[in-house]
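Data block below; observations after.
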Amino acid sequence: MTKVRVFAFALNQTPLDWSGNADRIARALAAARAEQANVVCLPELCVSGYGCEDAFLWPETWRRSLAMVEQVLPLTVGMVVSLGLPLFVDGAVYNASLLLCDGEIMGAACKRHLAGHGIHYEPRWFSPWPKGVVKRADILGRAVAVGDVVFDAGGVRLAFEICEDAWVAQRPAHELARDDVDFILNPSASHFAFGKHLVRRGLVTQGARCARLGYVYCNLLGNEAGRAIYDGDCLIATAGEQPAICAESRRFSFLDFQMAGVTFSTDQRVAPAPVSDPEPTPPRAVVSRPFVFASDPNLPAFTQTTPGEGATVGELPKHEAFARAVALGLFDYYRKARARGFVVSLSGGADSAAVSVLVRLMVRLLWAERGPKQAIRALLPHRADQDMSELELMGQVLTTVYLGTRNSSETTRQAAERVAASLGAEHHEVSVDDTVAAYRSKVETLLGRELTWQDDDLTLQNIQARARAPLVWMLANARRALLLSTSNRSEAAVGYATMDGDTAGGLSPIAGIDKVFIRHWLRFMERQGLNESGAFPELMAINRQQPTAELRPSQYAQTDEADLMPYEVLDAIERAAIYQRLAPRDILEHIVSTFGCERSVALGWLEKFYRLFAGSQWKRERIAPGFFLDEGNLDPKTWFRFPILSGGFADELYELKRENAEPA
């Protein structure tokens, strides 16, 4: 009987951060050694970082990746470790995982199925490894096997599925069931999306049926490269007819790594489930190396590590998952961009309040997990030697500004003031009326006429929003802070935003989420909040208002939904058109049946949506980077591409109007 202590690690890496990535790998391996780990699975492309983009094609990236492997090799004495990196073999670049055994390179497995959908562009940089092929390659002066390989370390057999390999119908695990594999290792870089954790659990347990002992899945952690957030999901499942998750890591951690580990005994081996293969392949080549699985003889035959009491594990309600994912994304963006604070134009409305609360949650969760000194050091490295309370830290991190005009109300001014005070932000109030008046006067001189609300409505609205941007940009620049944009996905869909005005910012944290959800989430935070944060009752001042831009004079009683349509309808049309890919004709029926409205009303909403959507692609091209949160993203750089110039759905809408015209 051999005891095998298997660990999966989630790492918070950064693309092309060679020294930082090497340090985190070294500390993870030290933690694994302290836990008496024998087999360690590290994430996909953890050496270089997953989000290197076109730098994957640079020879310097391949060279530095191998140099790091050489640096890590001595740290693997007494362990078997998988290490992900870009590997150049025979004129092509592959997404590979080296298997290091007792300080030596056993070989490399290469990814067969590349992720080329949504935010992924792997086929641009990597070649897919052909099924069943094994080559010999020179890696650091060692001739080793590369490709579709089974590794035998001291009588324990290991093989790989690399991330996307597990998500395809004919996954490699089905073939590995015939190769007497003890463990299938899955090093992944699987971005966070709502509900995805449950899908991963299913893939892991299904994969475990194809192994004799278990399936080991690891992932990245944090905001690695800017847009994608990784929840640090590590899962280990036992094999058998009824496989089950036996260990998992803490998710959404603010630490540099998380782990999950299990002790298996080789006398627990089971026969893998038979799986039909439409394309039968011969058994894989086996690469063997002697290895002694040394461990404490007093270890029980089966043990597992747990993330600790109160840790964030498993699937979470959407409201909580959103809060934790974006708070973690903000933290990593902040420190990796080397910012010294955030600035938010706090209007007294829902979107800017949501962004500000998310910054407060970032500080709260960081403080709770890392402790005061580490939190201060992480957010204010230039003041790391100073003591301060959590609220004092918040005041140093977040600056909010209420930029009012004569069209702003006392309601929104007070709401912004109360919310900022409850969050601990440094808050200011500034009128931009003089700036607006100066621009208006100069343009009226150029035009030779007076601008009026009857003839120049959008012009007069937009200048108010644009007059605010230079001030908050200047404040952010002076403080070396990052200006956060407050645009949401619903506004992006129809261009209900002023370019170079309320879209101004270097990061747009809620650009991937719709307005309906934002309003529900703010009510959740008002009444309940997270366990660590509690409720924010001051948000009542935000939640009792109707969303409004407050850019027209008060007698116009401006609201967002009067300008557009009910947000529930807008979001339903957007999701049906973009995510479900329905035609305008089908969406019309959907809106009528869902909202019980007259066909003429629904047609008016639909016509307005498509007209605004088609004409606003240029705005979406210019919105600051946002976080990817679900499959309905409108970011043209990572998810939904649409022409800047198009026919604007004119034919489709004309046909619908003709078919639904009232008889004469």
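The values are calculated or read from the model by the stated rules, or taken from the named source; none is laboratory data. For clarity, every value in this text was computed on a predicted model and none was experimentally measured. Positions of Cβ are backbone-derived with ideal geometry, glycine not excepted, and every protein chain shown enters the neighbour counts. Note: areas computed on protein heavy atoms with side chains; ligands, DNA, RNA excluded. Shrake-Rupley method; radii C 1.70, N 1.55, O 1.52, S 1.80 Å.
At-a-glance table
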| item | result |
| --- | --- |
| Residues within the stretch 590-599 that are part of a helix (DSSP H, G or I) and either surrounded by 14 or more Cβ atoms within 10 Å (Cβ to Cβ) or touching a helix residue (DSSP H, G or I) at 6+ places or on another chain (Cβ under 9 Å) (or both), tallied | 6 |
| The stretch 558-572 - residue that is more than 30 Å from the chain's Cα centre (by Cα) and either open to solvent by less than 50 Å² (accessible area, probe 1.4 Å) or of a type in the set (Phe, Trp, Tyr) (or both) and, of those, farthest from TYR610 (Cα to Cα) | GLN558 |
| Residue tally, condition free of Cβ contacts under 8 Å to residues at least 40 places away in the same chain and among the acidic types (Asp, Glu), over the stretch 633-654 | 1 |
| Residue among GLY78, GLY107, GLY49 that alone is in a strand (DSSP E or B), modelled with pLDDT of 95 or more and either open to solvent by 50 Å² or more (accessible area, probe 1.4 Å) or on the phi > 0 side of the Ramachandran plot (or both) | GLY107 |
| Hits in the stretch 345-364 - residues which are in a helix (DSSP H, G or I) and open to solvent by less than 10 Å² (accessible area, probe 1.4 Å) | SER352, ALA353, ALA354, VAL355, SER356, VAL357, LEU358, VAL359, LEU361, MET362, VAL363 |
| Test: residue in the stretch 650-664 that is open to solvent by less than 40 Å² (accessible area, probe 1.4 Å) and either in contact with a strand residue (DSSP E or B) (Cβ under 8 Å, 6 or more places away or on another chain) or not aliphatic (A, V, I, L, M) (or both) | no |
| Filter pass, LEU73 being closer than 19 Å to ASN38 by Cβ and assigned to a strand (DSSP E or B) | no |
| First in the stretch 264-292 and closer than 29 Å to MET79 by Cα and hydrophobic (A, V, I, L, M, F, W, C), second anywhere and open to solvent by less than 70 Å² (accessible area, probe 1.4 Å) and at pLDDT below 90, Cβ under 6 Å, 6 or more apart | VAL270/GLY240 |
| Search result, residues across the stretch 133-176 that are farther than 15 Å from LEU203 by Cα and free of Cβ contacts under 8 Å to residues at least 24 places away in the same chain | VAL133, ARG136, ASP138, GLY141, ALA143 |
| LEU221 open to solvent by less than 10 Å² (accessible area, probe 1.4 Å) and not basic (Lys, Arg) | yes |
| Those residues of the stretch 118-130 which are assigned to a loop (DSSP other than H, G, I, E, B) and touching a Pro at 6+ places or on another chain (Cβ under 8 Å), in sequence order | PHE126 |
| Qualifying positions in the stretch 600-643 - over 21 Å from ALA228 (Cα atoms), surrounded by fewer than 14 Cβ atoms within 10 Å (Cβ to Cβ) and not aromatic (Phe, Trp, Tyr) | SER600, PRO643 |
| Residue in the stretch 451-460 that is charged (D, E, K, R) and within 26 Å of GLY505 (Cα to Cα) present | yes |
| Qualifying position, being among the aliphatic types (A, V, I, L, M), in contact with a Cys (Cβ under 9 Å, 6 or more places away or on another chain), open to solvent by less than 10 Å² (accessible area, probe 1.4 Å) and modelled with pLDDT under 95, among LEU176, LEU185 | LEU176 |
| Boolean, CYS246 is farther than 30 Å from PRO15 by Cβ and hydrophobic (A, V, I, L, M, F, W, C) | yes |
| Sole residue being within 30 Å of PHE293 (Cα to Cα), outside any loop (DSSP other than H, G, I, E, B) and open to solvent by 20 Å² or more (accessible area, probe 1.4 Å), chosen from ALA67, ALA96 | ALA67 |
| One residue from THR445, THR400 being crowded, with 16+ Cβ neighbours inside 10 Å and either in contact with a helix residue (DSSP H, G or I) (Cβ under 6 Å, 6 or more places away or on another chain) or modelled with pLDDT of 95 or more (or both) | THR400 |
| Residue tally, condition open to solvent by 20 Å² or more (accessible area, probe 1.4 Å) and farther than 21 Å from THR411 by Cα, over the stretch 521-557 | 7 |
| Selected residue (only one of PHE252, PHE331 is under 21 Å from ALA228 (Cβ atoms), touching a strand residue (DSSP E or B) at 6+ places or on another chain (Cβ under 8 Å), part of a loop (DSSP other than H, G, I, E, B) and modelled with pLDDT of 95 or more) | PHE252 |
| Tally of residues being in contact with a Ser or Thr (Cβ under 7 Å, 6 or more places away or on another chain) and either crowded, with 19+ Cβ neighbours inside 10 Å or over 18 Å from TRP618 (Cα atoms) (or both) across the stretch 454-474 | 6 |
| Extreme residue, farthest from MET259 (Cα to Cα), among residues of the stretch 1-30 that are open to solvent by 10 Å² or more (accessible area, probe 1.4 Å) and not in a helix (DSSP H, G or I) | MET1 |
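Quick grid of which residues meet (1) in contact with a Lys or Arg (Cβ under 6 Å, 6 or more places away or on another chain); (2) without any contact (Cβ under 8 Å) to a residue 40 or more places away in the chain:
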site	(1), (2)
ASP179	yes, no
ALA189	no, no
PHE192	no, no
ASN219	no, no
GLY222	no, no
GLY240	no, yes
